[in-house]
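Below: one structure, written as structure tokens.
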Amino acid sequence: MLVFRNANKNDVESIAKLHAKSWQENYKDSFSQDFLTNKVHEDRIALWTQRLENPQKNQSVILAEDSGQLVGFICVYFEHDKNYGTLLDNLHVNSKFKGKGIGTNLISRIVSDMKAKGLTTGLYLWVLDNNISAIKFYENLGGLMIEKVEGNDIGDKSFFKLRYFWDNIMSLSSKVASKKI
């Protein structure tokens, strides 16, 4: 049975492990083998330790667990950008659990939180251009690719990332409601 809950500082290891595994599976062409094999786990431990021990006021991290095992998570920063609104910074689902509605359910929870907070700005994210399954997922939810830029802010190589944007939270809410498990 799926359980959704807010993350806390005791979740650093499990989140970092899933985050690293997701990158190892999806970003083989974006990061070096050395980074993915030897450095990504410690890199993600450092990130999640900082995020969960010293969370920003606008940060929300929601976990999806199945029988006590972390199977997915989402991290957002509400009202992150005056033009684009809330930043969906991370959405990762264990590959064994993809296609079961977990990602959609996590997004639905964030959209509900945005509506409860009265946020009228949009939602945006960055995804690497070679993560085809994630791109299809976001486009299926009505996300529009509005920008492509070269980046090198993570990992150890330059890559191209795409900005996806939803300017209408009500439209996104309808899309996730029709697909939610």
Original post:
So, in segment 105-130, of the ones that are surrounded by fewer than 20 Cβ atoms within 10 Å (Cβ to Cβ) and of a type in the set (S, T, N, Q), which residue ends up modelled with the lowest pLDDT?
Top reply: Thr120
**OP:** Note down all Cβ pairs under 9 Å where the first residue falls in segment 1-26 and is part of a loop (DSSP other than H, G, I, E, B), the second is basic (Lys, Arg) and open to solvent by less than 70 Å² (accessible area, probe 1.4 Å), and they're at least six residues apart or on different chains.
**Re:** Ala7/Arg51
Original post:
Would it be correct to say that Leu88 is farther than 18 Å from Leu2 by Cβ and modelled with pLDDT of 95 or more?
Top reply: yes
Subject >> Subset of segment 137-181 [within 24 Å of Lys100 (Cα to Cα) and small (Gly, Ala, Ser)] >> reply: Gly142, Gly143, Ser171, Ser173, Ser174, Ala177, Ser178
Original post:
In segment 154-167, is there at least one residue being touching a Ser or Thr at 6+ places or on another chain (Cβ under 7 Å) and among the aliphatic types (A, V, I, L, M)?
Top reply: no
Subject >> Count - residues of segment 27-38 that are free of Cβ contacts under 8 Å to residues at least 12 places away in the same chain and within 15 Å of the chain's Cα centre (by Cα) >> reply: 0
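Conditions tested, residue by residue: (1) farther than 21 Å from Val127 by Cβ; (2) out of contact with any Lys or Arg (no Cβ under 9 Å at 6 or more places or on another chain); (3) at pLDDT below 95; (4) surrounded by 19 or more Cβ atoms within 10 Å (Cβ to Cβ).
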position	(1), (2), (3), (4)
Trp23	no, no, yes, yes
Phe31	no, no, yes, yes
Leu36	no, no, yes, yes
Thr49	yes, no, no, no
Ile62	no, no, no, yes
Ser67	yes, yes, yes, no
Original post:
How many residues does segment 153-181 hold that are out of contact with any Leu (no Cβ under 6 Å at 6 or more places or on another chain) and closer than 15 Å to Lys28 by Cα?
Top reply: 6
Subject >> Candidate set from segment 51-60 (those that are in contact (Cβ under 8 Å) with a residue 12 or more places away in the chain and surrounded by fewer than 17 Cβ atoms within 10 Å (Cβ to Cβ)); member that is farthest from Leu88 (Cα to Cα) >> reply: Glu53
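The values are calculated or read from the model by the stated rules, or taken from the named source; none is laboratory data. Since the model is a prediction, treat every value here as computed from it, not as a measurement. In this analysis, Cβ positions are derived from the backbone assuming ideal geometry, glycine residues included, and neighbour counts consider all displayed protein chains. Side chains included, ligands, DNA and RNA excluded: accessible areas come from the protein's heavy atoms. Shrake-Rupley method; radii C 1.70, N 1.55, O 1.52, S 1.80 Å.
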